[in-house]
Structures are given as structure tokens and as C-alpha cells.
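Everything below concerns the one structure shown next.
The values are calculated or read from the model by the stated rules, or taken from the named source; none is laboratory data. Since we're looking at a predicted model, the values are computed, not measured. Methodologically, a virtual Cβ is constructed for each residue, glycine included, from the backbone with ideal geometry; neighbour enumeration extends over all protein chains shown. Note: accessible area is taken over every heavy atom of the protein model, side chains too, but ligands, DNA and RNA are not part of it. Shrake-Rupley method; radii C 1.70, N 1.55, O 1.52, S 1.80 Å.
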Amino acid sequence: MKRRIMFGMTIICLLMTMVAFNTTSTSAKSGVKYKLSKNGTMTISGKGKMPKSMKFRDSRKIKKVIIKKGVKSISWFAFAYCKNLKSVKIENGVKEIGEFAFCGTPIKSITIPKSVKIIGCSAFDACNQLESLTIPGNFKYYYTPFDDEMEDIEDATDCVASGKKLTNVKFNTALNPYICRYLGGSNWEVQGSDPKYKSIDGIVYTKDGSKVIRVPSDRKEAKLDSNCKIFMTDAIFYGYHEDEGEVDLAACEDLKKIDLNNAAKIEVNWDYRDMENVTLEEMLIPENIDTDSLADIVTYMENIDGSNSENSDYDDTIKLKVGGVDYKNTKRIKEENGLRIVDDKVVISYAKDREEKDSTLKIPEKITRINAYSFKNSKNKKVILPAGIKEIGQCAFKSSNICDINFPEGLKKIGKRCFYDSQIKGIAIPDSVTTVGESAFEDCSLSKATLPDNWIKIPKRMFYHNYNLRSVNVPSGLKEIGEAAFASTNVDVQAFLNNRNLKSIDEDAFAYVKWKSLKIPSYIKVGKNALFWDSKKEARSVTFTGKKVPTSNVYAFGESSKKLVMKFGGGIKSSFSKIVLTHVGYPTKKGCKAKFWWCKTEGASGYTVMLSTDKKFKKDVHKLNFKKNKSQGEGYVKKDQMVYIKIRPYKLVKGKKKYGRWTKYKEQYEYLW
């Protein structure tokens, strides 16, 4: 009985495939048509984009596809799982190839023309007969979240092209190494005219051959060219996850062994440590590799899954050999009072069993660098750094119990997230420090910070979430405050605004920092939500001094600024207001009701508001006037997908209106039902 049912379902599927489309058809909207010949050749021709509805998934009639010049795009799933499709010719002029367009087909080779600029996820994925691919060296990749059309897809990853037999990938335009994460293959050939890169034995190097850039994702073994002196970890770990881990990409998953014995230097990218499914078993580096390179690669391998070495899933599986000797046995790495030290210069880790004994940790005078992750999760309360220390690496004291630390004059660099989530109470950074990574002191317990007077920029998220931070000096030469640098602190915002050298305050820089009134000079550009503070009950005011105030500064206060009063030193002509669209109702006979509020402008006699469904305010425009005592209103627009609104204040002078400047609402245009 089961066999009869299965046989019947098979016949039905075949019949559905046979009647799924006519042999010829034209899309009236796009001007693109298709024709299927008796021998199974499908020709797509015309001018414009191939419509999304024009797809032939699972067809067994199609044996060859020709995309003619004039066609601008290939629709998603257009020829997916066409099991007899073995030949594809795409003529120059096509700009976009949709997701899964040729996924699961038995094509053996394909040339994607130089004109293609956009390629969707899995366009040539799971093509298990595919042996060679020619593709542009730079394109925009896109990925669509799960859709019903994606049900029952077989063997597909999120790469653009992959397959069990894919060997040779040739780039027909200049290469952007970033796109390599979307491709399979064991040999990658860069075009000879590429200005930056070249290929040697299928591996991508810089043009002069001194640095390796990418090892093909399907390589099982790799050895650096004899002229290559610099190895980057990005060459084999080039971003396995994208979009917060939802997209799985290529990253040398099959690589078992890599020989770096010709390398003189190793460059580590600490932001890419995720090696899920990577099966690297052996890495060979020379005995004479420089101190920093040895320290970095050991730390990198021991923290490769983001944990400390004793918890690492990969610590015992990856055999790192220095001059043919297991790195754990090399004489270059010694242990001293619980510290593991490379070449008597660089600390790479600290024994956990010493932490309870050493509440105060004194770093030896010979140490010049503390490497990344060395004291992550440490229970030490106090650390004394030596006079000769030059650098503290990324995440070195992340999530530690450290409360007190000295920074000696001569220290030059503090790495990204160095003290993130630590218990540090106060800091004094010497003038010698020229580089500080983002989030260096984020989410700490700081109440006081002394910064070098020669600093011109405060890094992104440097003091974010230090709720008790009140005392901070303003460097006299300060020009820029980075994104969210002081967000959720209690610093004095006006003290920074008073600095005459300050030119830019980036997005969210002082978000959630309390203030009642501010004076902002016209020469300072203030980013979106940079001065946001949600105080719904307390009235506040801001005075813009000068005549040429950037209207973009209006977005600095976020959407919870209803009681904010704006003042302008340059008079009504320099003034503006801030308007917020809060609601657009269901369509009625009158149209869709829009509700909005705005900030009052001191000295204004009233406000002109314009509503429109046209971004340029040329069609469906509704002009409304409100008196000065008003700060909210409503109006109607026609049915449409988007609503636009703008406002400007005016002042009556001898019975005539003198207008300020228009400002638009940029936060939300969609219907807010």
C-alpha cells in the first residue's frame, strides 16, 4: 500500500513539473520573457529584471540556460534543484543573481560576468558537480531570513558557491578579500592585473608576496611561500559567523595543517576567534619567530573559543609547534610565580591557583607587555605595573575583580575592552598613552578618571555604563568625543561643551546623562541621541550660540524631549524646532490621521508643519499652522506606505512672518498603527 502511495505521489510531482510553466511566456511589467526549446534549452531574454514569479524550481526539462544581454537580474530560486541542468551561460549586463538561483544543480562550471554586483545567499550552493567558478572579485552579498520558499532545501549552506568537487575559483575583477567568506574551493586565482593581490599555488598574497591574505576555504593543508614573511590569522579564520551568528560562512573548516616556518611575524585579529567546526590539527612556526608573534599566537590558540586556556575546547586538539617542538615545551615560555612569560618580556597568562594567595599582584620589572586575556576573570584586587610596561592587551583584565591599578609614565597602549566589566574604582592615564581601544573601561565601577591633556579624541564607549563616574577632567586639546563614550555616567556635560577646541560629539556620546540646561556653540556638530535624557516631567532648555547652527543637532536629544525649550542666539532666522511623529491611524474617508508633537522655540510666534506622503514634499502636501502656546497637533494624509513630516518656527514682525529653518522627522516614517 505504501509503495502505491509513493508511486502515485511521484507521478503527481512529475505532472506538476511538466505543467509548471509554458514553453514561452513574457512578463508585461518587466519586459523579460523565456523560451524552452525541445532539446531543453531555456533562454531568458528581453530588457529589465527577471520577475520573482519567473522561477522553474525542480524542473527536469531544463538542461541548459542562456541569460541574454538586456536581462538585469536572475530571480531567486529561478533554477534551483533543476536536476538535469548542466550548462549555464550568463551574458554581460546582468547585475544581480538572486538567492538559491542555481542551488543544487549539476552544473560543472560557470562564469559570472563582471557586470554582476549583487549575489544572494546560496546562489550556486550545493552544486556538487561544480568544479570551476569564475566570479567577480567584489560583490554585495545578501541573505533573507527564513521563508516558506526555503523549505526542503538540500545540503545548502549560506555561501554563494560551494560543492564537493569545487576546486578552482577565478576572480575576473579586482579582489576584495572580504567576499572570500562566501566561497568554497581549494585554489583561488586572482587576476594578474589586480593592483593589490596575487595568487601563489592557489593561495592569496599581497602583491609583493610578503603577506598571506587568504587560504582557500576547502584547503586541507597549506604551506606559506618562501617569500612570505607575515601570516595573518584572518588568512584562515576570516569571519565564520555574520549577522549575530545566524549566517554560517566559509572559514577553512577542512584545514588540518598549516606550515608557517617561513614567517617572520604573525598578526592576530582578536575580533575573530570563533572556530566552531574548524578542524585545524597542526600549526608549525619557526623557532626564531619574534616575541610578540609567539605570545600572540599562543594566547590566540588558547583562547580561540573565547574562554581561558584551561577551559578551551581547542587547547589540546591544535598542536602548535615552535621549531618542531610542542609550544608547551619550548624554552622560550617560562613560568615565574604563577605567571607564564614569553622571552622574559610578555605575560601571556596567570595560574588561577595563585589568585587567592596574591590579592595584590606585582608584575616583574622586566615585563614590557601584558598580552590579551592574560588576567581575564582574575580575582586579584590590586595590580602593580612595572615602570617599563608599554602595552596592556585587549581584554587583559576583562571581568576581573581588580579595584586598583597604576599606569606608569611610558605606557603607550591600552587595548580594546581591556578593563571591561572590572571593579576598578579610579584611573589616572599618563600623557604617554597615545592609543586606547574602544570600551576599554566600559561597565566598570569608576568614580574618577584623569585623562591626558594632550588627547584629541575620547574613544568609542570608553566609559559607557560607569554610573558613578562624576569626576573627569576635560583635555584642553579635545576635538572629538566618540560614540557612547560617556553614556550612562554622571559627568558634567557642559564642562565638555565649554572646550573651545571641541568639534564633534558622536552618536549617543552622553546618552542618559542628566542635565537641566545646556549651551551648545554653533561650531560643535552633535550626533544622533548624543544628549538624550528621558526626563518626561522636568522641563529643560538648550541654547544654541552663534548664527550657523547645524540643523542636524536637533536629533541630539532623542524622542523623549517633549518639554525641551530651544533657544537661539542668532535670532529667528537661525532657529529651528524638533518634531516627532507619534501615530498614524487607519485609513478613513478623510485619510490617515497623523499625530505629532514638537519642542518649543523661544521667541517664536507659531509653527508651520507640513505633512506629506512624498519625500520631497511636492505631492499630497498638507500645511498646518499652530500658535506659540501649542506643542502638539494632528493632521491627515492620503493612504500610503510612508509618512513624512517637517516643521519650522516663525515670528511675527510688524504683522509679517519671519521664518526659521525646516527640520524633518527622521526617526520613523512607517504607519504606526
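Computed values, structure above
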| read-out | value |
| --- | --- |
| Packing-based order for 189-200, 594-605, using average beta carbon neighbours within 10 Å, highest first | 594-605, 189-200 |
| Residue-count net charge about Lys460 - beta-carbon cut-off 12 Å; Lys, Arg +1, Asp, Glu -1 | -3 |
| Solvent-accessible area per residue for segment 409-481 (1.4 angstrom probe, square angstrom) | 42 |
| Local electrostatic count, Ile647, Cβ distance below 9 Å [Lys/Arg +1, Asp/Glu -1] | +4 |
| (i) 216; (ii) 227; (iii) 146, with the label sought being that of the calculated volume of the Cα convex hull per residue in Å³ | (ii) |
| Charge context of Leu411, other residues only, Cβ under 11 angstrom, K/R +1, D/E -1 | +1 |
| The chain, accessible surface, carbon-and-sulfur percent (1.4 angstrom probe) | 48 |
| Per residue accessible area in Å² of segment 67-107, where ligands, DNA and RNA are left out and the probe is 1.4 Å | 30 |
| The chain - share of DSSP beta bridges that are antiparallel (%, nearest 5) | 40 |
| Net length gained if the chain between Asn288 and Lys114 were fully extended (0.36 nm per residue, minus Cα distance) | 58.2 nm |
